[in-house]
Structure formats: C-alpha cells, structure tokens
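The values are calculated or read from the model by the stated rules, or taken from the named source; none is laboratory data. Predicted model only: the values in this text are computed from it and were never measured. No Cβ is skipped: glycine too gets one built from the backbone with ideal geometry, and neighbour counts run over all protein chains shown. Each accessible area value is taken on the protein alone, full model and side chains, heavy atoms only, with ligands, DNA and RNA left out. Shrake-Rupley method; radii C 1.70, N 1.55, O 1.52, S 1.80 Å.
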Amino acid sequence: MTKRFALGIFDDEDVLLHAVENVREAGVKIYEVFTPFPIHGIDDALGIERSRLPIAAFFFGLTGLSFALWMQIYMLGFDWPMIIGGKPHIALPAFIPVSFELTVLFCCHGMVITFYTISKLYPRWKTPVLDVRSTDDKFVMAIEVNENTDMTKLTQLLRNNGASEVNQKEMSKF
C-alpha cells in the first residue's frame, strides 16, 4: 500500500506553528509534523487529544502491586510459612519494599511496550523517513494527498504560510 504526501518544509518553528493553525483553518487535514526538537504548543495546534498513557500506567502499576502482594502472601503465608522474629505470617509492612519494586517494574515495562505499540515503532531494518532534514534543522509538515487533491492550491497554501519548499513523496511502508 503506497501513500502519497505533500511535504511543506519550514525553516523556523514559529512560522511552522502559525502555518499549522492556518492550514487547519483552511480545512486541510495534516497527517503529521516532523521536527528536530519538541515545539511547545504544537499538540494543541494539531488538535491532538491528551494522551491516555497515564491511565495505562496506573493499571500496570496496580497489576504489579497486586502480583507482589499475592506472591508474598502466598509464599510466606501458605506455601512455606515460617515464623521470623515472632512476626505473623502475613506482615504487610515487611512487604512494602518488594511491592514497590514490582509496581515500578510492571509499570515501566508496560509503558514501554504500550508506547512502542501505539507509536508503531516495531523492530524493522529501515525506519521510513519522509525527509531526512527533519532530523537535523528543518521542520516538515506532511499532508496525505490522493487523486482528488488539488496540488496547485495546496502548494500555494503552504507557500503563503511560510514553507521554503513543497515536495511530493510516496512511501510504501508508513
């Protein structure tokens, strides 16, 4: 499956930020914006919703805490009960360090897996890059085009909003 993109290349992040707002007001759907560093306010300008990753982190942590408590209560209370210093078999204050560590472990590993899955950053030989200059000093606005898109109007819109150049590119794996 091949996708075609119109790439607006910008030299300045402030110009790009205003161009994103103007292009969206014109009714054009922006596929993605690639920048060499994070730009404050670009998420709001693109209309990206707040991430639900913190909810996933909470549930991964809760899973780790539940597993740690179950494991310790089962091992020290039922599987191999030992009386240590006259303490009861299920001594919750003694379980705090292990419970904390497993909560953090499950949360971290779950978040990494979730982030890579959502971002589609699977292991592959070559990562598709629309314009290699977006990793160095240029800002790239990618707009997916099809056969109904009027490229002259789109090119003019991007140029009027500060694009230093407008290119077309086809990507087979994106």
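Details
- Set PRO81, PRO93, PRO123: member being more than 31 Å from the chain's Cα centre (by Cα), more than 30 Å from ALA19 (Cα to Cα) and in a loop (DSSP other than H, G, I, E, B): PRO81
- Flag if ILE118 is under 28 Å from ILE30 (Cβ atoms), within 22 Å of the chain's Cα centre (by Cα) and either surrounded by fewer than 10 Cβ atoms within 10 Å (Cβ to Cβ) or modelled with pLDDT of 90 or more (or both): no
- Residues in the range 130-154 that are within 18 Å of SER172 (Cβ to Cβ), free of Cβ contacts under 8 Å to residues at least 40 places away in the same chain and assigned to a loop (DSSP other than H, G, I, E, B): GLU147 alone.
- Selection within the range 27-53 - open to solvent by less than 60 Å² (accessible area, probe 1.4 Å) and either of a type in the set (Lys, Arg) or within 15 Å of ALA163 (Cβ to Cβ) (or both): VAL28, ILE30, VAL33, PHE34, THR35
- Look at the range 80-101: where a residue is open to solvent by less than 90 Å² (accessible area, probe 1.4 Å) and a partner is modelled with pLDDT under 80 and not in a helix (DSSP H, G or I), sitting 6+ places away or on another chain with Cβ atoms under 6 Å, you get PRO81/HIS89.
- Filter pass, GLY110 being at pLDDT 85 or above, within 26 Å of ARG50 (Cβ to Cβ), of a type in the set (Gly, Ala, Ser) and surrounded by 16 or more Cβ atoms within 10 Å (Cβ to Cβ): yes
- Residue within the range 99-117 that is out of contact with any Lys or Arg (no Cβ under 8 Å at 6 or more places or on another chain) and either part of a loop (DSSP other than H, G, I, E, B) or under 30 Å from LEU157 (Cα atoms) (or both) present: no
- Selection within the range 42-58 - farther than 25 Å from HIS18 by Cβ and not small (Gly, Ala, Ser): ARG52, LEU53, PRO54, ILE55, PHE58
- Some residue of the range 9-21 being within 12 Å of ALA142 (Cβ to Cβ), open to solvent by 60 Å² or more (accessible area, probe 1.4 Å) and touching a strand residue (DSSP E or B) at 6+ places or on another chain (Cβ under 8 Å): no
- Residue within the range 144-153 that is within 24 Å of ALA68 (Cβ to Cβ) and either in contact with a Cys (Cβ under 6 Å, 6 or more places away or on another chain) or surrounded by 12 or more Cβ atoms within 10 Å (Cβ to Cβ) (or both) present: no
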